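The next block holds one structure in the form of structure tokens; read it before the comments.
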Amino acid sequence: MKTVKRIVFWGLLFCLIVAGGNAVVVTGENEYKLIRQFGRIETVINSAGLSFKLPFIQSADTLPKELLIYDLAPSDVITADKKTMLCDSYALWRITDPLTFAQTLNGSVANAERRIDTAVYNAIKNVISSMNQNEVISGRDGELSQAIMAHIGSNMSQYGLTVLSVETKRLDLPADNKSAVYERMISERDKIAATFEAEGQAEAKVIQNTTDREIAIQISDAEAKAAAITAEGEAEYMRILAEAYGSPEKAEFYGFMRALEAAKASLTGNQNILVLPADSPIAEIILHHS
């Protein structure tokens, strides 16, 4: 009897331990717990910690709560100017409504990624098809991602998830026409550079001509002013001479002084003898005053 009681005791204890372990639900910081009873969701646990469920009757499913990344397969897209480009992108997303997520996607991350793949690919295709190739290339700083997110909008909320961002890892040209496109782009840039250079040279020529014309005008004005000042000085000089030597006596004295200056100028070096002909004006003045 004692042996039977022991077996029953340990059997009951084991069942209690198993039942107790099955009744405890541990929820982590990065997960949701869905408590199901006969396949129907009874409770959604959003916060971390311990909770309980009915053992063997209720079950617990786990959904990720952290930020998730989905890497899309590279695909060809066509721009508005009929240029083919290769787009390789990824999406950042998370589950925001675990109940809706479980009801619409059966709680499957794989099902969610298929929905995200379709939505993001369609958004990328529609956005790029409305842009020229140059606009697509120049929009990689953020404009392209914003346009894709605006196209997706809140459509994914019906599945209990939110796409937070779509980024392009690589947006390139197909290998078969990459060289031709690059050469065309280089040629176009060279034409633009040549246009800018020509415009700059024309503007420089206009500035140079304007400057030369202004300088010529200023030089002409300066020469005219200098000529006027010179004429005024000569007129004043002549007036002073006329005033100084207006009488015969002053004129004679002026002629005498000029004769002396000429004689002095002719005496150079060791030559101190001045020989003058009798009819020389200097001799006449000297004889007249001697």
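The values are calculated or read from the model by the stated rules, or taken from the named source; none is laboratory data. Only a predicted model underlies this, so the values are computations on that prediction, with no experimental measurement involved. Virtual Cβ from ideal backbone geometry, glycine too; neighbours counted across all protein chains shown. Accessible surface is based on the protein model in full, side chains and every heavy atom, while ligands, DNA and RNA are left aside. Shrake-Rupley method; radii C 1.70, N 1.55, O 1.52, S 1.80 Å.
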Would you mention how many residues in region 88-116 are in contact with a Phe, Trp or Tyr (Cβ under 8 Å, 6 or more places away or on another chain) and among the basic types (Lys, Arg)? 1
Test result for Lys191, in a strand (DSSP E or B), modelled with pLDDT of 85 or more and surrounded by fewer than 14 Cβ atoms within 10 Å (Cβ to Cβ): no
Across region 49-68, what is the total count of residues that are open to solvent by less than 50 Å² (accessible area, probe 1.4 Å) and either among the aliphatic types (A, V, I, L, M) or touching a Leu at 6+ places or on another chain (Cβ under 8 Å) (or both)? 3
Members of region 150-167 found to be assigned to a helix (DSSP H, G or I) and touching a residue at least 24 places away in the same chain (Cβ under 8 Å), listed by number: His151, Ile152, Asn155, Met156, Ser157, Gln158, Tyr159
For region 35-45, which residues satisfy the criterion of being open to solvent by 80 Å² or more (accessible area, probe 1.4 Å) and assigned to a loop (DSSP other than H, G, I, E, B)? Phe38
Has region 167-183 got at least one residue that is among the polar types (S, T, N, Q), within 30 Å of Ser108 (Cα to Cα), open to solvent by less than 60 Å² (accessible area, probe 1.4 Å) and at pLDDT 90 or above? no
Those residues of region 46-59 which are part of a strand (DSSP E or B), within 53 Å of the chain's Cα centre (by Cα) and in contact (Cβ under 8 Å) with a residue 24 or more places away in the chain, in sequence order: Leu50
